[in-house]
Amino acid sequence: MLLFLGSGVAVTLLVGWLFLRLRRRDLRDKADNIINLARKEAEIQARDLRAQADQDIARSRAGFQQEQLAAAELRQKAETGLAQERARLETRADELGRRESYFNSRRAEIEALRDQLERQSQLYRERLRAAATLNEEQLRAALREEVRTESAAELRDLRNQLRNHAETDLQEESRRILIDSLQRLTSTVPSEIGATLVKLPNEEMKGRIIGREGRNIKAFESATGVTLMIDETPDAVLVSSFDPVRREVARLSLERLVADGRIHPASIEEQVKKADEEVRHNFAVLGEKAIARLHVTGVHPELVSLLGKLHFRLSNNQNTLDHSVEVASICSFIASELGLDPEPARRAGLFHDLGKALNGDHPGSHAVAAANLLRSYGEDPRVINAVAAHHQEVPPESVYAPLLLIADAASAARPGARSESIEGYLQRVHALEDLARGFPGVTEAYAMQAGREVRVIVSPERLTDAEARQLAVDIRRRIEEGLNFQGVVKITVIREARFSETAK
């Protein structure tokens, strides 16, 4: 029984202990839940408080920024007002300064006038005292001397005014004469171009001009010294050359070859020779037309031919013959206005660039060479001196020399009359040809392709094939050393021997 009771107590105690332990765990879980709940509520409240604080801070910051903007606007307005007030005060101060300077200058002038008046009054009193001791004759002499002294300055000023007025009248009269002379010209001097278009009857003719393996076009370019530009332009080819004489010879030759239809190296040479003779015959025709336009007489036929040759010469891309006719007209008009003989003036203007048609064998500039040529044909000494002096290389001996100088400058300075860039290009290609012709054995040299190629024709009797090959090397070296060319220059040396017999 006791054992049973002991076991029951133990069980009871064990159950109680387990109940207490479970109860304590439950209480601890509840406490943890309460703590977690309290912590979450605290976090939520802290978050709400923080958000509220952030909102309060943002509102405070926005209000502060608005206050700052308002304060900056007020400060800007105040600074603007201060600047305007400062500018107004500075303007007022400048005005007061100018007024003060004006008043000071006026005061100085008044003081000077007062001093001058005092000196004059003193001088008048002294003269009155001196006059009291003079007789009538002495008074008259003193009065004449006084009038002479006072009038000297006025006469000097009047003389200067008359002199200035006379110089102004002379300048106006010279301008009137020059303008009237230029306005009486009805023709203009056109600028030349460097290419000529030749029409073809059909596209098939282009292939015939080129020839098999290009032999026809090569023969044509070698014979004329021009560049044939054959492109997609329908029924046309372009003849390009810086030399108008070559270009004209090539144009006539090509037109006749196309009309004849037989195009091969032999016919090309034949037509080029005929065209060259015709162009040189036209020199005299063109010279006669220029002389007829100016009504000039007594001109030697050689001079007439040289004048016609000027039609195929360019000066700064300006046709030299037309320029000479224009200068002659201006010289004649100005001479007539000045009451001079217009005939020498007209002849001087017509002949002044005649030296540009001469070969390079004549010494000196083109002006001196032309003067020497005119002297050999018995031209008027006034004309000879004017031509020689129109570039101020020799002193003028008559009024016709400065007259020619003025007319030449007026024609050259006319807007659009000249092109300096073309003149520089022509000088370079001429220098290229002259360099090639300077070698022994060279019979002719042509600059082609706008100066990018030079074709040199040599005598087969004087140079062998090996020497011709070496000549190409020597020309290349000379160009690289002595000429300033942009890009690449191709040197082609042509050595060709021909043999012919005539069977009867």
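The values are calculated or read from the model by the stated rules, or taken from the named source; none is laboratory data. All values reported here derive from a predicted model rather than from experimental measurement. With ideal geometry, Cβ positions are generated from the backbone for all residues, glycine too; neighbour counts draw on all protein chains shown.
Residue count for the range 432-454 under the criterion of being at pLDDT 80 or above and either in contact with a Phe, Trp or Tyr (Cβ under 6 Å, 6 or more places away or on another chain) or of a type in the set (Val, Ile, Thr) (or both): the result is 2. In the range 464-475, the residues that are over 13 Å from Leu435 (Cα atoms) form no Cβ pair under 8 Å with any partner that is in a helix (DSSP H, G or I), whether six or more places apart or across chains.
Only one entry in Val325, Val299, Val304, Val285 is part of a helix (DSSP H, G or I), without any contact (Cβ under 8 Å) to a residue 24 or more places away in the chain and assigned by TED's automatic domain parsing to the domain that holds Ala409, namely Val304.
Looking only at the range 238-252, which residues are under 15 Å from Leu197 (Cβ atoms) and either among the charged types (D, E, K, R) or surrounded by 22 or more Cβ atoms within 10 Å (Cβ to Cβ) (or both)? Of everything in the range 238-252, those that are under 15 Å from Leu197 (Cβ atoms) and either among the charged types (D, E, K, R) or surrounded by 22 or more Cβ atoms within 10 Å (Cβ to Cβ) (or both) turn out to be Val239, Ser241, Arg247, Glu248, Ala250, Arg251.
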